[in-house]
Every structure is written in structure tokens, then in C-alpha cells.
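Chemist: Before I ask anything, let me first share the structure, which is written out below as C-alpha cells.
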Amino acid sequence: MGRKSSKAKEKKQKRLEERAAMDAVCAKVEAANKLEDPLEAFPVFKKYDRNGLNVAIECKRVSGLEPATLEWAFELTKANMQTLYEQSEWGWKEREKREELRDDRAWYLIAREPGASPVAFSHFRFDVECGDEVLYCYEVQLESRVRRRGLGKFLLQILQLVANSTQMKKVMLTVFKHNHGAYQFFREALQFEVDAASPSVSGCCGDDSSYEILSRRTKFGESHPHPGGGHCGGCCH
């Protein structure tokens with residue numbers, strides 16, 4: 001009886017530790033989501049003036065964006081990504097993409113030219129993935145005329161900066177395998193790695209999955225698994 005009681009206590013203690021660890025993770029995500037402007041402390045990153053571009057960069061919650069800007073973001077995403085989605089098992093679902101872009105949890109980096117016209121954006125969220133607090137990049141989309149000038153890389157560097165400043169453990173994103181340019185860009189230029197949650201590693205979706213989940217750890221990222229095990233999903237909504 002004594003041994004069983006000891007084991008029960010150990011299990012209870014482990015559950016309490018796991019719950020406390022997850023509470024701490026969610027607290028960091030909630031704190032990040034309460035920020036007014038994650039770029040406020042980094043004014044040098046609010047401007048990109050290189051390679052013939054001169055744009056201002058702002059960071060806002062979706063609730064702070066004008067409807068016209070959100071519609072532009074959707075149309076740019078559609079123009080850049082519809083064919084790639086149609087070549088995957090997901091297909092292009094216009095209503096779902098609109099809802100995703102307008103979700104209450106969405107944050108945006110918007111790059112604007114001097115006349116206030118947007119030319120690029122990133123949609124990201126602070127969230128929990130597989131028990132870790134992360135910054136998840138949903139989109140990085142640029143108008144064709146501003147590509148190959150370093151702006152996309154700069155936006156991803158901002159996301160890495162924001163992830164570090166909010167104590168997220170990593171930046172994560174999903175990329176289609178057949179989007180060869182983007183895959184190479186993330187893996188080589190930005191040094192993202194295939195994440196343990198990716199289908200090719202986890203085996204969750206078979207070998208024929210058309211996408212990979214990539215990640216890059218921040219200084220707060222740990223090299224060992226989190227205490228909560230392998231279950232993936234958010235907890236802070």
C-alpha cells in the first residue's frame with residue numbers, strides 16, 4: 001500500500017508541475033498579446049531604407065487595421081498563393097483564408113511606401129504549439145515590385161526580434177514543399193530548421209504531405225522537450 005501511495009503522489013506531483021509549466025507558457029503568450037506595439041522599443045526597425053526601397057513598418061493588432069488594408073492583404077495573399085494552395089491537399093478556400101486573416105488573435109507587420117500605400121505584410125500570432133510559447137508566422141507576402149530587395153528577410157528578422165523580446169521560444173511557420181523559392185529562402189537565407197511537429201518528422205500526416213513546418217529558436221528556446229509531452233495545440237484562447 002505504501003508503494004502505491006508513493007506512486008500516486010509522484011503522479012499527482014508531476015501533473016501539478018506540468019500544469020504549472022503550461023500556466024507559465026500561457027501567461028507569456030497572454031502578456032505578449034496585451035502589448036500595444038511590440039516594436040515600440042525598437043524604432044530602428046520601423047523603417048527599411050535599402051536597395052531602392054523606402055518604407056515605414058508598423059506593427060498592429062488586426063483590430064487596428066483599416067478594412068481596406070485587410071482587403072489588400074487578402075487580395076495579395078490570393079494573388080501570390082492561390083495556385084500553390086490548389087497544388088496541395090488543402091486546396092484554396094477563400095472564406096477560410098479571409099477568416100484566418102481577420103481572426104481576433106492576428107497581429108500584422110505592414111510595410112508602407114511614403115504615400116501610405118502598403119507593399120508588404122506579415123500576419124503572425126503569439127500562440128502555444130506543442131507546449132511551447134511561440135510566435136507563429138502565418139503569412140509573409142510582398143508585392144512583386146518590391147521583391148528581391150531584402151524586405152522579406154527584414155520582416156522575418158523583425159519577427160525573430162519580437163519573439164525574443166516577448167520571451168517566445170521560437171518562430172514557426174508552414175511552407176509548401178513545392179514552393180521551392182520560399183522553402184530555400186527560409187532554410188538557407190534565414191536558417192530555419194524542420195520542426196519536430198512537421199509531418200516529415202512526426203509522421204502524423206504520412207509521407208506524401210505537401211508542406212513542412214519550419215522553426216527557428218530564440219535565445220529562450222530550449223534544446224530539450226517541454227515537460228508536457230508531445231501533444232500539439234494552443235491553450236490560451
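The values are calculated or read from the model by the stated rules, or taken from the named source; none is laboratory data. Keep in mind it's a predicted model, so treat the numbers as computed, not measured. Positions of Cβ are generated from backbone atoms using ideal geometry, with glycine treated the same way; all protein chains shown enter the neighbour counts. The protein model used for the area step is the full one, side chains on, heavy atoms only, and it has no ligands, DNA or RNA in it. Shrake-Rupley method; radii C 1.70, N 1.55, O 1.52, S 1.80 Å.
Chemist: Among the residues of region 54-66, are any in a helix (DSSP H, G or I) and of a type outside the set (A, V, I, L, M)? Spell out how you get there, then give the answer.
Modeler: Let us first name the residues in region 54-66 that are in a helix (DSSP H, G or I), namely 62-64.
Subsequent filtering for residues that are of a type outside the set (A, V, I, L, M) retains 63-64.
Among the residues of region 54-66, at least one is in a helix (DSSP H, G or I) and of a type outside the set (A, V, I, L, M), which makes the answer yes.
Chemist: Which of the residues belonging to region 24-42 are more than 17 Å from Leu135 (Cα to Cα) and open to solvent by 90 Å² or more (accessible area, probe 1.4 Å)?
Modeler: In the first step, residues of region 24-42 are kept if they are more than 17 Å from Leu135 (Cα to Cα); the result is 40-42.
Within region 24-42, Glu40 is the sole residue that qualifies.
Chemist: Same structure, new question: Counting residues that are among the charged types (D, E, K, R), touching a residue at least 24 places away in the same chain (Cβ under 8 Å) and open to solvent by less than 10 Å² (accessible area, probe 1.4 Å), which strands (runs of 3 or more DSSP E) fully inside region 94-158 reach at least 3? Spell out the reasoning first.
Modeler: Details: elements: 107-112, 118-129, 132-142.
In region 94-158, there are no strands (runs of 3 or more DSSP E) which contain 3 or more residues that are among the charged types (D, E, K, R), touching a residue at least 24 places away in the same chain (Cβ under 8 Å) and open to solvent by less than 10 Å² (accessible area, probe 1.4 Å).
Chemist: Exactly one of (1) over 13 Å from Tyr136 (Cα atoms); (2) modelled with pLDDT of 95 or more; (3) in a loop (DSSP other than H, G, I, E, B) is unmet by Arg187. Its number?
Modeler: Arg187 satisfies every listed condition except (3).
Chemist: Can you name every residue in region 61-93 that is open to solvent by 80 Å² or more (accessible area, probe 1.4 Å) and either touching a strand residue (DSSP E or B) at 6+ places or on another chain (Cβ under 8 Å) or in contact (Cβ under 8 Å) with a residue 24 or more places away in the chain (or both)?
Modeler: Within region 61-93, Ser63, Gln87, Glu89, Trp90 qualify.
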